[in-house]
Amino acid sequence: MHCPELVGGQAMCVARHERALGAESVVVAFNESVFGYPADEILWHKGASLVTQESARWRLFGRALRQFDVIHYNFGAPMLNWGSLTGRHWQMAGGLGGIYAAMNRMIELPLMKRVGKVIAVTYQGDDARQGDYSRKNFDICIAREVDDSYYSAVSDQAKRDRIALFERHADLIYTLNPDLMHVLPPHARFIPYAHIDLDQWTPVAGSGGVRPLVVHAPSHRGAKGTRYILAAVEKLKAQGVPFDFLLVEGLTQRDARKLYERADIVIDQLLAGWYGGFALEVMALGKPVICYLRHEDFGCLPEKMRRELPMIEAKPDTIEKVLRFWLSQPPEERVRRGMAGRAFVEQWHDPRRVAQQLLDDYRGVIERRAP
């Protein structure tokens, strides 16, 4: 069972390929994804009361104990309620809410381990990323660009507490982002994004016009460094550089894809230090991607993967220069860079390979436990 979040669509794509490889793999999520990522089952529906939600939570927990060998948690999130990362939900509920959350912390993972489940968890970004650590250690980071509601002392500590609990009980800990290795346990391992089927995401020609189309699709403007991108776009337009710019926000993956397909250049992010699922999607479409890469985080990556990274690198203070250069390049050069990205995705982000790796890891835990 993959549960209980659908962030980025990773769980469902991996589960489909685990099924193709012979496993009985199911994705169960609390809520529908706002971006349209699918799940096998959705527990909560609009209008459900808190009592209904908690009842469904506990039924899922019982089902996990009875029916599954492996419980793979996504987005560093538990199945039972350990309290929200901000703490606001249970503060509203009063002291009883805090007691309930503490009780659930003592029950879920210890009981899963006691009955012999393989426990895996994947961290995907802000489920582990902490504002205080980032500000202390990185000159360029999300935490320096967002307000206190994005990262807070409360949320930072809540993330550390959750990570510590998974460290004590999880057999397998994964991260999709290299920078998270700084705050995850030593035995955490990097795995690539694998949320799209590559036979369904194939290269598509760009705008085909005289004016190249630049696309940026932030899930959160502050976290992606959008203000630097918008400033660079305005300066280049004021200087008479011929191009069009499209900001894509608030769409499902299916609707957004139609716009991505028209792009000649894509800008992912300028703060996180690694590329996201959006970059993977547009690289699969054969688009050149601009983003910020923090090389000092890359110790967990395969050496060959580091060498083959095809992204066009930029920082907040270089995005204008980088974008101007690539807008001035012949269309065939942008196509060449985009196809290098496609080859990279095929090599490193094939969900079949990731699913096989996970199944091998699950079986390895089971074999090591065998008498």
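Results, tabulated for the structure shown:
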item	result
Tensor-based shape of segment 132-245 (alpha-carbon gyration tensor, a/c under 1.5 rounded, otherwise prolate or oblate)	oblate
Net charge, Asp264 excluded, C-beta distance under 13 Å - Lys, Arg +1, Asp, Glu -1	+2
Chain lengthening between Asn31 and Arg59 when straightened (0.36 nm per residue, less Cα-Cα)	8.5 nm
Listed residues Gly273, Gly338, Gly206, most fluctuating in the chain (Gaussian network, C-alpha, under 10 Å)	Gly206
Three-way shape label, segment 228-281, alpha-carbon gyration tensor, a/c 1.5	oblate
Karplus-derived 3J(HN,Hα), 6.51/-1.76/1.60, for each residue of segment 300-316, Hz, glycine and proline x	8, 8, x, 4, 5, 5, 4, 5, 8, 3, x, 5, 8, 8, 8, 10, x
Residues of segment 282-302 with amide N under 20 Å of a point placed 7 Å along Cα→Cβ from Lys136	296-298
Among [x] 1.07; [y] 1.02; [z] 0.93, the entry derived from the coordinates for Cα Rg over 2.2 N^0.38 Å	[y]
Whole-Hz couplings from phi, Karplus 6.51/-1.76/1.60, listed for segment 284-296; x for Gly and Pro	4, 7, x, 9, x, 10, 9, 6, 8, 10, 9, 5, 5
Other-chain or far-sequence residues with amide H under 5 Å of Thr175's (modelled H)	Tyr123, Arg189, Phe190, Ile191
Helical mean residue ellipticity (222 nm; -39500 (n - 2.57) per DSSP H run of 4+; nearest 500) of the chain	-13500 deg cm²/dmol
HN-Hα J in Hz across segment 11-28 - Karplus 6.51, -1.76, 1.60, θ = phi - 60°, x for Gly and Pro	4, 5, 5, 4, 4, 4, 6, 5, 5, 5, 8, x, 8, 8, 10, 10, 10, 10
Solvent exposure of the chain as accessible area per residue, Å², 1.4 Å probe	45
Nitroxide proxy distance, nm - points 7 Å out along Cα→Cβ at His45 and Glu303	5.6
Qualifying aspartates and glutamates (Cα of each under 20 Å from Cα of Lys304; at least 8 residues distant if same chain)	Asp179, Glu296, Glu313, Glu346, Asp350
Relative contact order, percent, segment 88-193 [alpha-carbon distance under 8 Å, six or more residues apart]	29
Interchain or long-range residues, amide H under 5 Å from Asp244's placed H	Leu213, Val214
Carbon/sulfur fraction of accessible area - the chain, other protein chains in place, 1.4 Å, %	53
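The values are calculated or read from the model by the stated rules, or taken from the named source; none is laboratory data. This structure is a prediction, so every number in the text was calculated from the model and none was measured. Methodologically, a virtual Cβ is constructed for each residue, glycine included, from the backbone with ideal geometry; neighbour enumeration extends over all protein chains shown. In case anyone asks, the SASA skips ligands and DNA or RNA and just uses the protein heavy atoms, side chains included. Shrake-Rupley method; radii C 1.70, N 1.55, O 1.52, S 1.80 Å.
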